[in-house]
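So the structure is just underneath, and the comments pick up after that.
The values are calculated or read from the model by the stated rules, or taken from the named source; none is laboratory data. No experiment lies behind these values; they were computed from the predicted model shown. For neighbour counting, all protein chains shown are included, and Cβ atoms are generated from backbone atoms with ideal geometry for every residue, glycine included. With ligands, DNA and RNA removed, areas are computed over all heavy atoms of the protein, side chains included. Shrake-Rupley method; radii C 1.70, N 1.55, O 1.52, S 1.80 Å.
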Amino acid sequence: MSAQKEPANIGRVLSFLREWDRGDRTVRGRMLNTFLTQNSGRTSHELELEFAQVASLFLARLTTWMKLTYMFGTFLGKQLKAIGIFLSASSHDQYLVEFLEDGGVLTLLDILGHPRSKEEEKREALRLLLTVSNAGRKYKEIICESHGVTGIAECLAKSNTDETQETAGVLLESISHGNPKYQNQIYKGLIALMTCTSPKAQQLALHNLHALQCKMKTAHCSIVEPLLNMLRSLHLEVQDEAIRLILDLKCYDVRPLLLNGLVTRLGPTKEEVQHHMEESEMIKMTGTLPVFVQQAAAAKAIRLLAKDSDELSRELLSLGVIQRLLYTMGNREHADAQIQASLALEHFISSYPVIEEHVQRGIGSTLFEAFMHQTDTLYMNMNESQAEILLTNKVHITEVVLALFSEKLNKPRLTMSRLRSAARNGLRAGEEASKAAEPKRNRSNKAAKEEEPLNASSPSCSRHSFHPPADVELLRSQLLRWYDNNKRELPWRTLAVTESDLNIRTYAVWVSEIMLQQTQVATVIDYYNKWMKRWPTVRHLSAATLEEVNQMWAGLGYYSRGRRLHEGAQKVVSQLKGQMPRTVDGLLKQLPGVGRYTAAAVGSIALGQVTGAVDGNVVRVLCRLRAIGADSTSAAVTEALWRLANTLVDPERPGDFNQAVMELGARVCSPRGPVCSQCPVQSHCHAFRTVQGKRGGTPGKPDRKPSTLPDIEDCVSSEACPLCPSEPWDEALGVQNFPRKPPKKPPRVERTLTCVVTRPGGGGGGGGGEEGGDEYLLTRRPSTGLLAGLWEFPSLLQGEKSSSSKDKAALCARVSGLLAGDLTESLFRYAGEVVHVFSHIRQTYVVHSVRLRDAGAQTPSKKAQWLTRSALQEAAVSTGVKKILELCDSVDGQKEQSCSGGKRQNCTGTKKKKNQRASKKPKLSASDSGRRQVSLSAFFSHVKQES
């Protein structure tokens, strides 16, 4: 804004505020519409320019009007959206502080609880509260101190739309990441939510409880009863979340209550059945009783708990779970209850032969043999007499059996009763033993896969594999527990968990994985947020131009990634009817730029596909876990690592497990300076044990005396093993001996002549003009190759036998060709050199500058255009271009200093104008500013002292 325009702009703003103060609801409604249309998505800086540095005055008016009128619904939705423009203004918390000082949080909570508030108004209020919560821990505490948890939970329970409920759920999850002092308040609020009647609210409450429980040191006993009642839900997503939370609670004090409740619900009483029979409407709608649905879900949860550990199995057996499972198998009214009970019973029998003998004795040999050969289909052929045998069974695991339990845990599954039965059926004992040793035909492929040891290489190299399935299960649980407690809150992770639309979720994870290729997480976060705000779905991205994509990608590097994302989005919309691929194979084959890792990562995280994912972090972690020291880029090592990853991946949480391994590699098992003492899977790490054996102590603290311990777990024939180290052991590296990478090829050295051509503004070029500013000449690079399609200053490769005169002549010819005019070499001034390193090229830009006096110089080519300084900063240009511009700015700055003779003056007067504008910036009165800031600061100080 020029100094001449500033008084006029201030006058316009004052006129706007007067019109607002004097206007009725119709006038204010019109003004709100105009404000929303013109200012949506603006930054705080842009808002201040629009309102002549007094935007806060309008925010205060909006907040006050909302407080006075929200009970009557006067344009409440528009008011909330208008306030949202201020609160979401990037990189600025001034508006947020002012909104809070005016009691904004209390008003928003009142809107949530007001009976006349519409769903869209509640949703906008929740979004504003989410903006407040995401601003930082102190702001979350303001919401909690205002009893916001109760209000948000009630809104979640009573809302009628999924979108409102999901927003409330995300808000509760965001608040839970704040001060531990308030976590118990949130915890109890979520427990209360489980008793509501909305399935969506129940699901969100369970989901948030799962995330919060990992942070809690204890579990309240009040969670058990409502959680078990969730197993009655006819909505599978609610059931799944409930079982997931039950598995979390097995490590807390409520475990006895939980296990007893599960076993009890396997055998509902006659009174419970009769009570549900009276609910004829429920039976008419579902064809079954909720109590039977609960029975099936309890059997499933028991099976998963028993598979988790022998200790849990022992506790379940002591509670009489076998008798209850047999009873459930006899419930011919609900097939799913029979199936789940059969699978659970099969696990107990297959794991502990002592159980088999008691079950066979309790139900008879005929029915037992039918069960053993048709576990998952027995319910289809069961007659009334067999069902009666199961319902009236008297199988009890006595104290004597429990005493023998520990002795028989590890004995072979084949027992004498099985051998006698096989003999009666005419089978040889050897054949039966062979069949018993193999996975049963009715087991899932997943179970069979878990039982088979992984042979990543030659059988002699046993330390490169995971053999006992128990080791794999233990590693999974340890790593996932660490991940739940230590994972970084990243926007793509949050979206992958909260987004219910599978298409959007897959697209969002795909974008994040492409951005994260060869780029650090800290760099990607800001780019990702801006990208998803501008193109939230694959259809939005497909409608964008490649120029817009390149402009958004500028500065992120490896520009072909953005181009391939754009190509992939267009292919999804044009060829796949807008639907993202639903399998790993589909992602790999149908999306350009998606390789084996990206397909596996997106498939596991977004789609729940059970597949491993191997990136650089995973390579390092797996190589150290299994002491793989060969070249990590070799084909043998690559295939071995993928086999390892596919074996280790958790079938219940594949996406979380893959991210956990990556997180471990990024933060603990790092390339340099790994923190082995903080590793959750240190006990599984062969690299760590190897270092201990060689040093005789803790890695990183070698003993001065030579160790007498031999090298542990060395391969029998390391020369024949393609995974063992081929280079001698380097004691200084420790665990960093694994893996070894081939030396990097030195980057190719190139030198490029570059010319920064400027002209006075207002020349009518493609970039438009800015008053008093210069315009820069840029050309577009070819559509293929390095930095494809981006804009750059006129450039050409420097010849091998170059000189200053030859360089000027070459640049002069290049620029003259672009401008269709003749320039003289005397116009060219040498500015210096800029070094920019790509992944494979060390590029040195030899920079010259030319300033044209003619503002009307034109470019006949479409591949060249004039851009103003601000347009250049926002255009699709590389980091190298910005470095060149900084060099020229520094040269110009030196010239200005020499021109002024050391005084703080600008030869052109540009800086003087800036200072003039800055001096006229309106200021708020000290009393007003102090009044607002002091109360909030006092609150923060009070909270800090309490913490």
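Points worth noting:
- The listed residue being assigned to a helix (DSSP H, G or I) and surrounded by fewer than 24 Cβ atoms within 10 Å (Cβ to Cβ), out of Arg624, Arg620, Arg643: Arg643
- Selected residue (criterion: most open to solvent (accessible area, probe 1.4 Å)) from residues of the stretch 846-871 that are modelled with pLDDT of 80 or more and out of contact with any Lys or Arg (no Cβ under 9 Å at 6 or more places or on another chain): Arg869
- Residue pairs whose Cβ atoms lie under 7 Å apart, sitting 6 or more positions apart in sequence or on different chains, and linking a residue in the stretch 538-558 that is open to solvent by 30 Å² or more (accessible area, probe 1.4 Å) to a partner that is part of a loop (DSSP other than H, G, I, E, B), are Arg539/Gly578; Leu546/Gly789; Glu547/Ala876; Gln551/Ala875; Gln551/Ala876; Tyr558/Gln517; Tyr558/Gln518.
- Number of the condition not met by Val716 [criteria: (1) surrounded by fewer than 13 Cβ atoms within 10 Å (Cβ to Cβ); (2) at pLDDT 70 or above; (3) under 30 Å from Cys669 (Cβ atoms)]: (2)
- In the set (1) modelled with pLDDT under 85; (2) in contact with a helix residue (DSSP H, G or I) (Cβ under 6 Å, 6 or more places away or on another chain); (3) in a helix (DSSP H, G or I), Val400 fails one condition alone, (2).
- Considering only residues in the stretch 177-207 that are part of a helix (DSSP H, G or I) and open to solvent by less than 10 Å² (accessible area, probe 1.4 Å), the one that is nearest to Asp240 (Cα to Cα) turns out to be Leu206.
- Filtered residue count, the stretch 295-321, keeping only those that are crowded, with 22+ Cβ neighbours inside 10 Å and either in contact with a Gly (Cβ under 6 Å, 6 or more places away or on another chain) or modelled with pLDDT under 90 (or both): 3
- Scope the stretch 153-165; condition more than 24 Å from the chain's Cα centre (by Cα) and assigned to a helix (DSSP H, G or I); matching residues: Ala153, Glu154, Cys155, Ala157, Lys158
- Residue within the stretch 166-176 that is modelled with pLDDT under 85, among the small types (Gly, Ala, Ser), open to solvent by less than 30 Å² (accessible area, probe 1.4 Å) and not in a helix (DSSP H, G or I) present: no
- Residue count for the stretch 721-747 satisfying the condition of being at pLDDT below 75 and among the small types (Gly, Ala, Ser): 1.
- Scanning the stretch 880-906 for residues that are modelled with pLDDT of 85 or more and open to solvent by 80 Å² or more (accessible area, probe 1.4 Å) yields one hit, Glu886.
- The single residue among Gly817, Gly821, Gly832, Gly799 that is at positive phi and either open to solvent by 30 Å² or more (accessible area, probe 1.4 Å) or touching a residue at least 24 places away in the same chain (Cβ under 8 Å) (or both) turns out to be Gly832.
- Residue satisfying all of: in the stretch 492-516; open to solvent by 30 Å² or more (accessible area, probe 1.4 Å) and touching a helix residue (DSSP H, G or I) at 6+ places or on another chain (Cβ under 6 Å); farthest from Arg564 (Cα to Cα) among these: Thr498
- Qualifying positions in the stretch 559-590 - closer than 23 Å to Thr784 by Cβ, at pLDDT 85 or above and open to solvent by less than 30 Å² (accessible area, probe 1.4 Å): Arg561, Gly562, Leu565, His566, Gly568, Ala569, Val572
- Within the stretch 76-95, the set of residues being open to solvent by 10 Å² or more (accessible area, probe 1.4 Å) and assigned to a helix (DSSP H, G or I) comprises Gly77, Lys78, Lys81, Gly84, Ile85, Leu87, Gln94.
- Meets criteria (modelled with pLDDT of 85 or more, acidic (Asp, Glu) and surrounded by 18 or more Cβ atoms within 10 Å (Cβ to Cβ)) for Glu750: no
- Positions within the stretch 662-687 being open to solvent by 20 Å² or more (accessible area, probe 1.4 Å), assigned to a helix (DSSP H, G or I) and among the hydrophobic types (A, V, I, L, M, F, W, C), in sequence order: Met662, Ala666, Cys676
- Residues considered: Arg255, Arg232, Arg244. Of these, the only one that is open to solvent by 30 Å² or more (accessible area, probe 1.4 Å) and within 15 Å of Gln294 (Cβ to Cβ) is Arg232.
- In the stretch 5-57, the residues that are more than 17 Å from Lys81 (Cβ to Cβ), of a type in the set (A, V, I, L, M) and either in contact (Cβ under 8 Å) with a residue 40 or more places away in the chain or touching a helix residue (DSSP H, G or I) at 6+ places or on another chain (Cβ under 6 Å) (or both): Ile10, Val13, Leu17, Leu49, Ala52, Val54, Leu57
- Verdict on Glu154 being touching a residue at least 24 places away in the same chain (Cβ under 8 Å) and either open to solvent by 30 Å² or more (accessible area, probe 1.4 Å) or touching a strand residue (DSSP E or B) at 6+ places or on another chain (Cβ under 6 Å) (or both): yes
- The condition of being of a type in the set (A, V, I, L, M, F, W, C) and in a helix (DSSP H, G or I) does not hold for Leu234.
Table: residues versus (1) within 24 Å of Leu495 (Cβ to Cβ); (2) surrounded by fewer than 17 Cβ atoms within 10 Å (Cβ to Cβ); (3) at pLDDT 85 or above.
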position	(1), (2), (3)
Thr74	no, yes, no
Pro115	no, yes, yes
Leu126	yes, no, yes
Val149	yes, no, yes
